[in-house]
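Worksheet: the structure to be examined is printed underneath.
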Amino acid sequence: MRQDSCEYEYVLDDRFFAGIDAPEIHKGNLKVLLSVKKSIGAFLLEFHVEGTVTAVCDRCLDDLELPVETDNALKVKLGAEFAETDDFITIPEEEGHINVAWLIYEFVALSLPMKKVHAPGECNEKMMGVLNEHSCTSSPEADEENPEAETDSDENRDIDPRWSELKKILNNN
């Protein structure tokens, strides 16, 4: 190993996520390899994170274990005061250190899919029953108040016959 670089290894568990107190992820088991390389006027931080985290399923609200594997890089330089740009994070010279905990959390959170859901058939059945009970394509109250409103507007428009056949199937269910 050259003298102008250092490597660090962290193991992040449930205590890390409890301490970070962020809503997206509340449990996990991650291994983080951090390489810090000194270059002219800056430090290059390269993160490799892998493991699993536990988040909430967007569909049934039960815990969902998700795999994580991400590589990220960040440039840090010393300056007069703290500043953050797209290219650099500047930390005050008198501090001389940076806490990477929140950065690691953000890298992990950004590596997760936008929609976090269980595989088909693995969601909480009770919650799915409640969700299906309260989901509908049209409200029964609106149909009772004005039953002919929808049919009048449909008759006035030219409808592709294929859609008409599909609509018949929908109305029969």
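The values are calculated or read from the model by the stated rules, or taken from the named source; none is laboratory data. Because the structure is a prediction, the values reported are computed rather than measured. With ideal geometry, Cβ positions are generated from the backbone for all residues, glycine too; neighbour counts draw on all protein chains shown. Surface areas here come from the heavy atoms of the whole protein model, side chains and all, with no ligands, DNA or RNA. Shrake-Rupley method; radii C 1.70, N 1.55, O 1.52, S 1.80 Å.
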**Study point:** Amide H contacts under 5 Å for R59, placed H, 5+ residues apart
**Key:** H118
Practice item. Return the carbon/sulfur percentage of the accessible area of region 7-48, one whole number, probe 1.4 Å, all protein chains in place. Key: 54 percent
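Longer than 25 Å from Cα to Cα, which of K77/K116; K31/K116; K31/K75; K27/K116 are they? Say none if no pair is. Walk me through the intermediate numbers first.
Details: K77/K116 36 Å; K31/K116 22 Å; K31/K75 21 Å; K27/K116 15 Å.
Going by Cα-Cα distance, K77/K116 fall outside the 25 Å limit.
Given a 1.4 angstrom probe, what's the average accessible area per residue across region 14-144, in square angstrom?
Numbers: 8640 Å² over 131 residues.
Accessible area per residue: 66 Å².
Using r as the Cβ-Cβ distance of K167 and V130, and R0 as 22 Å, what FRET efficiency do you calculate, to the nearest 0.05? Intermediate results must be reported in sequence, preceding the final value.
Details: r = 28 Å, r/R0 = 1.29.
Step by step, r from the Cβ atoms, then E = 0.20.
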Practice item. Report the accessible area of H97, computed with a 1.4 Å probe over the heavy atoms of all protein chains in place, in Å² rounded to the nearest 10. Key: 110 Å²
Check your understanding: Can you give the accessible area of L64, probe radius 1.4 Å, in Å² rounded to 10?
Key -> 10 Å²
